[in-house]
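A quick write-up on the structure given underneath.
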Amino acid sequence: MSYTKLLYHIVFRTHASRPVIAEAGERSLYNYIFGICQHHRVKLFRIGGMPNHLHLFVGLPPTLTVADFVKIVKVAAHNYMKSEPALFPLFEGWAKSYCALTYCMAEKDAVIRYIASQKEHHAKLSLQDEVKQLMELNGIDRNEKYWQQDWVE
């Protein structure tokens, strides 16, 4: 028997960081993503975001890679949002890149609070600056050559 606790804070944005997730559709989208998580035996601790990006704090089963999970969520959420044009009339898709950070159980509550306070947080900080800050705090080097196309455009 193997024992794991694989906690990830995942951030991904809309195509070209366009603000297309209106508050009117947020709850519906979050509930849909919660259903995706349940179907794949993923524990969703917190979801939140802004009109141009989402944060998920999840516990993944050991049989599901973070890359596969992000792909599953992006594809399913894309299809859902396209099927609900009244809620997401301007949605074109998700950007290719994402940021995934690992945390331990001792940090769980802090990550949950961070995601819960996205609206207040982004009154002071852009998505690009937020992701840069998260990467720096977690010791991730970024290649400036690709930074523009991955997180700014």
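Give me a count of the residues in region 118-131 that are out of contact with any Phe, Trp or Tyr (no Cβ under 6 Å at 6 or more places or on another chain) and either surrounded by 17 or more Cβ atoms within 10 Å (Cβ to Cβ) or touching a residue at least 12 places away in the same chain (Cβ under 8 Å) (or both).
To start, the set of residues in region 118-131 that are out of contact with any Phe, Trp or Tyr (no Cβ under 6 Å at 6 or more places or on another chain) comprises 118-127, 129-130.
Still in the list and also either surrounded by 17 or more Cβ atoms within 10 Å (Cβ to Cβ) or touching a residue at least 12 places away in the same chain (Cβ under 8 Å) (or both): 118-119, 122, 127, 130.
Adding up the residues that qualify gives 5.
Based on this model, can you work out whether residue 69 counts as closer than 15 Å to residue 98 by Cα, in contact (Cβ under 8 Å) with a residue 12 or more places away in the chain, hydrophobic (A, V, I, L, M, F, W, C) and surrounded by 12 or more Cβ atoms within 10 Å (Cβ to Cβ)? So residue 69 fits the description; yes.
Table: residues versus (1) closer than 21 Å to residue 134 by Cα; (2) part of a helix (DSSP H, G or I).
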| position | (1), (2) |
| --- | --- |
| 31 | no, yes |
| 41 | no, no |
| 46 | yes, no |
| 54 | yes, no |
| 58 | yes, no |
| 70 | yes, yes |
| 88 | no, no |
| 92 | no, no |
| 95 | yes, no |
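Yes or no: residue 74 part of a helix (DSSP H, G or I) and open to solvent by 60 Å² or more (accessible area, probe 1.4 Å)? Before the answer, list the steps.
Values: part of a helix (DSSP H, G or I): yes; open to solvent by 60 Å² or more (accessible area, probe 1.4 Å): no.
Answer is no for this residue.
Criterion applied to 56, 64, 60 was being over 15 Å from residue 29 (Cβ atoms), open to solvent by less than 30 Å² (accessible area, probe 1.4 Å), in contact with a His (Cβ under 8 Å, 6 or more places away or on another chain) and modelled with pLDDT of 95 or more, and the one residue passing it is 64.
Could you tell me whether residue 82 is of a type in the set (D, E, K, R) and loosely packed, with under 15 Cβ neighbours inside 10 Å? Please lay out each step first, then the result.
Details: of a type in the set (D, E, K, R): yes; loosely packed, with under 15 Cβ neighbours inside 10 Å: yes.
In short, yes.
Scanning region 97-115 for residues that are of a type in the set (Lys, Arg) and surrounded by fewer than 11 Cβ atoms within 10 Å (Cβ to Cβ) yields one hit, 113. Selection of region 35-53 for residues being open to solvent by 20 Å² or more (accessible area, probe 1.4 Å) and under 19 Å from residue 93 (Cα atoms) yields 47, 50, 51, 52. Give the residue that is nearest to residue 80 (Cα to Cα), with candidates limited to residues of region 1-59 that are aromatic (Phe, Trp, Tyr) and out of contact with any helix residue (DSSP H, G or I) (no Cβ under 8 Å at 6 or more places or on another chain). Ranking the qualifying residues of region 1-59, first place goes to 30.
The values are calculated or read from the model by the stated rules, or taken from the named source; none is laboratory data. Just so you know, these numbers come straight off a predicted model, no measurement behind them. Neighbour counts are summed over all protein chains in view; Cβ atoms, including those assigned to glycine, are modelled from backbone coordinates with ideal geometry. When the accessible area is computed, the model is the full protein with side chains, heavy atoms only, and any ligands, DNA or RNA have been set aside. Shrake-Rupley method; radii C 1.70, N 1.55, O 1.52, S 1.80 Å.
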